[in-house]
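Accompanying notes for the structure given below.
The values are calculated or read from the model by the stated rules, or taken from the named source; none is laboratory data. Owing to the predicted nature of the structure, the values given are computational and were not obtained by experimental measurement. For neighbour counting, all protein chains shown are included, and Cβ atoms are generated from backbone atoms with ideal geometry for every residue, glycine included.
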């Protein structure tokens, strides 16, 4: 058993695709934990980021002792990624209320397109053929998982037009978060440090958003606190540590595609934890998502980091390394 565990851990450490998929599985619990916490959007995002900071800062301290300091520009970039994250999560919560969970989940696929187009335009990362083939398969699967193809259609929101605007805005902000964090973590061998700075930026931004638009509650009940703590540890800490470590080693488009495992994981967790029974259409959609991402992941794993899939070097980090 111990040898098997060691081999499994070694396999995870070597494979960025596997690390990223495991991270996506961890953050799949977000929707359920948010529902159980039952707090407002800004409150949820603030506690999610703030409660993760003690653990991430401790890990960043150990990381700094082993790998040296990070350039100030890198830290600013990670904090900027946190601003994108806060906007993404707050708008995501609003979109579910105004649009309905089914449509909001289906529109999550827009983030993949935004990331792929931005990476192509900025980093000259042209999407591979397998990615283009897998993308419609995965999106179709996400639509199936969302319940839109079922009898109810998944349209339970009260303000579909406003909800669509929120969801599109969240997709743009999510793309900005992925690309900014990927760019930041690509320039240095740090993982916990950039994520700690991003979480600090996310906590600050959610605090400002809550004060500006209302809905922020710093006094919450203990049941909500424990659910938010679980959200912070599983999603913001473990999940994003795994994803952040894999981002620089994967094409940006595939990194975003990989995150579409979240609706499938959330469906499975809802069945296990909340007793919800997925339909045959939802189970078929989950199978399509997994098969599409698996096919695209095999193509990524078979390549040995071609030059066009690597982000451009970060000048601030290079200057920092030369002076230290």
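So residue 127 passes all but one of these: (1) in a helix (DSSP H, G or I); (2) crowded, with 16+ Cβ neighbours inside 10 Å; (3) modelled with pLDDT of 80 or more. Which condition number does it fail? The failed condition is (1). Taking the condition modelled with pLDDT of 80 or more, buried (at least 20 other Cβ atoms within 10 Å of the Cβ) and touching a helix residue (DSSP H, G or I) at 6+ places or on another chain (Cβ under 6 Å), does residue 106 pass? So residue 106 does not fit the description; no. Among the residues of the stretch 223-234, are any surrounded by fewer than 22 Cβ atoms within 10 Å (Cβ to Cβ), under 15 Å from the mean Cα position of the chain (by Cα) and closer than 29 Å to residue 142 by Cα? For the stretch 223-234, residues surrounded by fewer than 22 Cβ atoms within 10 Å (Cβ to Cβ), under 15 Å from the mean Cα position of the chain (by Cα) and closer than 29 Å to residue 142 by Cα: present. When we screen 87, 112 for residues that are more than 28 Å from residue 286 (Cβ to Cβ), buried (at least 17 other Cβ atoms within 10 Å of the Cβ), at pLDDT 85 or above and within 18 Å of the chain's Cα centre (by Cα), the only hit is 87. If only residues of the stretch 269-289 that are without any contact (Cβ under 8 Å) to a residue 40 or more places away in the chain and in a helix (DSSP H, G or I) are counted, the one that is farthest from the chain's Cα centre (by Cα) is 280. Pick from 151, 119: which is surrounded by fewer than 24 Cβ atoms within 10 Å (Cβ to Cβ) and either more than 18 Å from the chain's Cα centre (by Cα) or modelled with pLDDT of 85 or more (or both)? It is 151.
Screening 43, 61, 39 for residues that are surrounded by fewer than 20 Cβ atoms within 10 Å (Cβ to Cβ) and either more than 15 Å from the chain's Cα centre (by Cα) or farther than 25 Å from residue 213 by Cα (or both) leaves exactly one candidate, 61.
For the stretch 29-36, the condition holds for no residue, the condition being that it is over 28 Å from residue 227 (Cα atoms) and under 20 Å from the mean Cα position of the chain (by Cα).
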